[in-house]
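J.: Structure in structure tokens, see below.
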Amino acid sequence: MSAALGLYRLQQVDSQMDALRARLAVIRQTLENDLELRAAAEALSAAEALHKQAASALKLSEAEVERQSLKITQTEASLYSGNVKNPKELQDLQSDIVSLKKHLAALEERELEAMLRAEETEKKLEQAKAQLADIQSNVLTQHRDLAAESETLTKDLERLESERQAIVQNLDEQFIKTYEGLRQHKRGIAVALLSDDSCSACGTTLTASQQQFARLPQLFYCPTCGRVLYAG
């Protein structure tokens, strides 16, 4: 096996491993940082707070209506009890009842608004609960699928690592150093294929003599991008 062929095979394996590691990193990030789930939980918390506030306001409004109704009942009882004989006092009680009922109407209007508000916040609360439940279900399924994919990718990575070791054992150490240096400075691609008389990495078209050199046993580098060229 020529050095160029060995390095080309090594490049193929390393490129596959790079892709697997990138996908595994995405899976880990997805499993660790589920923004959608956190957003739904925060939305539920906010909906709970708003409904609690609305329910408290309704309860307070109901208590005010109840107190006002009791005042009217007590005032009417005094008016019709027969205990009050003075015309002026009777007139005052009648005026009080009119005033109390007018205020009761305002309180009942507020109570209705509070009731509608509480119903609205309760509806939104139920929607937030349902949304969170749906997302939790989806996330559970997604995480299960991602965990299975991660396991498969890890096994593939282990297999490729074994292939890589076998290839490296048949290569000269100096060639490997050259390859690793190019990998570091050429965005992971140290070896390019000579395809249609051109470098597959940068697209440079080689002259006939350059193509001939690329097919010789020794390493030949692309005159433009400096990568090792494998003629196939």
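J.: Among the residues of segment 213-232 satisfying the criterion of being touching a residue at least 24 places away in the same chain (Cβ under 8 Å) and among the aromatic types (Phe, Trp, Tyr), which is surrounded by the fewest Cβ atoms within 10 Å (Cβ to Cβ)?
T.: Looking at the filtered set, the residue picked out is Phe220.
J.: I would also like to ask the following. If a residue has to be part of a helix (DSSP H, G or I) and loosely packed, with under 15 Cβ neighbours inside 10 Å to count, how many in segment 192-212 make the cut?
T.: 3
J.: What about Ser61, is it closer than 30 Å to His143 by Cβ, among the hydroxyl-bearing types (Ser, Thr, Tyr) and in the same structural domain as Lys123 (by TED's automatic domain parsing)?
T.: no
J.: Hey, any hits in segment 100-107 for a residue that's in a helix (DSSP H, G or I) and touching an Asp or Glu at 6+ places or on another chain (Cβ under 6 Å)? Walk me through how you get there before you give the answer.
T.: Here is the first cut: in segment 100-107, the ones in a helix (DSSP H, G or I) are 100-107.
Going one step further and asking which of them are touching an Asp or Glu at 6+ places or on another chain (Cβ under 6 Å), we end up with 107.
Yes - at least one qualifying residue is present in segment 100-107.
J.: For residues in segment 29-45 being in contact (Cβ under 8 Å) with a residue 40 or more places away in the chain and in a helix (DSSP H, G or I), which is surrounded by the fewest Cβ atoms within 10 Å (Cβ to Cβ)?
T.: So the residue we want is Glu36.
J.: Among the residues in segment 136-144, are any without any contact (Cβ under 8 Å) to a residue 24 or more places away in the chain, closer than 15 Å to Ile27 by Cβ and assigned to a helix (DSSP H, G or I)?
T.: Yes.
J.: Further question: Evaluate the following for Ala19: is it in a helix (DSSP H, G or I), assigned by TED's automatic domain parsing to the domain that holds Leu125, modelled with pLDDT of 95 or more and of a type in the set (A, V, I, L, M, F, W, C)?
T.: Considered against the rule, which asks whether it is in a helix (DSSP H, G or I), assigned by TED's automatic domain parsing to the domain that holds Leu125, modelled with pLDDT of 95 or more and of a type in the set (A, V, I, L, M, F, W, C), Ala19 comes out as no.
The values are calculated or read from the model by the stated rules, or taken from the named source; none is laboratory data. Everything numeric here is computed off the predicted structure, so don't read it as measured data. For neighbour counting, all protein chains shown are included, and Cβ atoms are generated from backbone atoms with ideal geometry for every residue, glycine included.
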